[in-house]
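Accompanying notes for the structure given below.
The values are calculated or read from the model by the stated rules, or taken from the named source; none is laboratory data. Just so we're clear, the structure is a prediction, and the values are computed from it rather than from any experiment. Heads up, the Cβs are rebuilt from the backbone with ideal geometry, glycines too, and the neighbour counts pull from every protein chain shown. For the accessible areas, the whole protein counts, side chains as well, though only heavy atoms, and no ligand, DNA or RNA atoms are used. Shrake-Rupley method; radii C 1.70, N 1.55, O 1.52, S 1.80 Å.
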Amino acid sequence: MSDKLPEYEVFALKYADRQAKRADHFIGGDPHDAPMPMDYFVWVIRGNGRQYLVDTGFTAEVAAQRKRHHIRCPIDSLKLLDIDPARIDDVILTHMHYDHVGSFHKLPNARFHLQEKELHFVTGRHMRYPFFNRSFEIEEVVGIVRLNFKGKVELVTGEVDFAPGITLHPTPGHTAGLQVVRVHTKRGWVVLASDASHYYENMRANRPFATAFHIGDMVDSYRVLEKLAPSPAHIVPGHDPLVMQEYPAPDRKLEGIVVRLDVEPKRLS
Ligand SMILES: [Zn+2]
């Protein structure tokens, strides 16, 4: 069966980064006072006559407020891959944190595919607590609610066959309704883990990331990633700078900006 599935190209586009320390990324901190920078990505899936965007990144304004280093607008940068943002019809949102949903308004013709549980979470009782609400931008939450009233949000529940060779899977923990995307490529199924594992180290060492809704669910979701992927090298973490080093740029002029995830990585991690 699987040989009949489309084989997509998959790209990670880096749009921002920040300096950070190891202790910032693990519950309980870390004994080593060493740097551990964070990269910010959106992902593009292309093939079978279609193109899909996974997450929309954050804007320069939000980067300035949150003291992040914004390198380029993730949506304008789609043009580097010859993609007109106005021709993006479908966006998969892994979750609604500010760094994953922030530029949705720059995609005028898109429908947004999100787990219904995530929308319940971001409009529900836990948002009164700064620990949970600080990773969301209220105007973005309200913006997605408005788009839902316009019929532009597809709220999915559980595992979903999104398109031939693309499936969505709930991986709660970091947020209540986080989902990951599994894409069929020429090297087999690739799992875009997004924040189900920020770094390789979170899932490999079972050390949950510091921003969490449910820690037990987060660790269980590492096991979901492992089940979905044919090997650990097929799981792409959401914020690890190693991704830019392990995978090749599609083109020399895109070095340091875009990498291809549908080809075998050099294993550095
Ligand atoms: Zn994130």
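Do any residues in the range 58-75 that are closer than 15 Å to residue 37 by Cβ have Cβ atoms under 8 Å from those of residues that are hydroxyl-bearing (Ser, Thr, Tyr), where the two are at least six apart or on different chains, and which pairs are they?
Short answer, once both residue conditions are applied: 68/40; 70/15; 70/59; 71/15.
Starting from residues that are basic (Lys, Arg), in a loop (DSSP other than H, G, I, E, B) and open to solvent by 60 Å² or more (accessible area, probe 1.4 Å), keep the ones in the range 122-160 and report whichever is nearest to residue 65 (Cα to Cα).
Filtering first and then ranking leaves 134.
Among what's in the range 86-118 and is open to solvent by less than 20 Å² (accessible area, probe 1.4 Å) and closer than 15 Å to residue 173 by Cα, pick the residue that is farthest from the ligand (Cβ to nearest atom).
Looking at residues that are open to solvent by less than 20 Å² (accessible area, probe 1.4 Å) and closer than 15 Å to residue 173 by Cα, I get 115.
Filter the range 167-189 for residues that are surrounded by fewer than 24 Cβ atoms within 10 Å (Cβ to Cβ) and among the aliphatic types (A, V, I, L, M); which is farthest from the ligand (Cβ to nearest atom)?
168
Looking at (1) more than 16 Å from the ligand (Cβ to nearest atom); (2) under 14 Å from residue 15 (Cα atoms); (3) hydrophobic (A, V, I, L, M, F, W, C), which one does residue 34 not meet, given that it meets all the others?
(2)
Quick one: in the range 223-269, which of the residues that are within 16 Å of the ligand (Cβ to nearest atom) and buried (at least 19 other Cβ atoms within 10 Å of the Cβ) is nearest to the chain's Cα centre (by Cα)?
Per the stated criteria, the residue is 238.
What's the number of the condition residue 79 fails, among (1) in contact (Cβ under 8 Å) with a residue 12 or more places away in the chain; (2) away from the ligand (no atom under 15 Å from the Cβ); (3) among the charged types (D, E, K, R)?
Failing condition for residue 79: (1).
Can you tell me which of 246, 201 is charged (D, E, K, R), closer than 21 Å to residue 54 by Cα and modelled with pLDDT of 95 or more?
246
Scanning the range 52-76 for residues that are over 18 Å from residue 147 (Cα atoms) and acidic (Asp, Glu), which turns out farthest from the ligand (Cβ to nearest atom)?
Looking at residues that are over 18 Å from residue 147 (Cα atoms) and acidic (Asp, Glu), I get 76.
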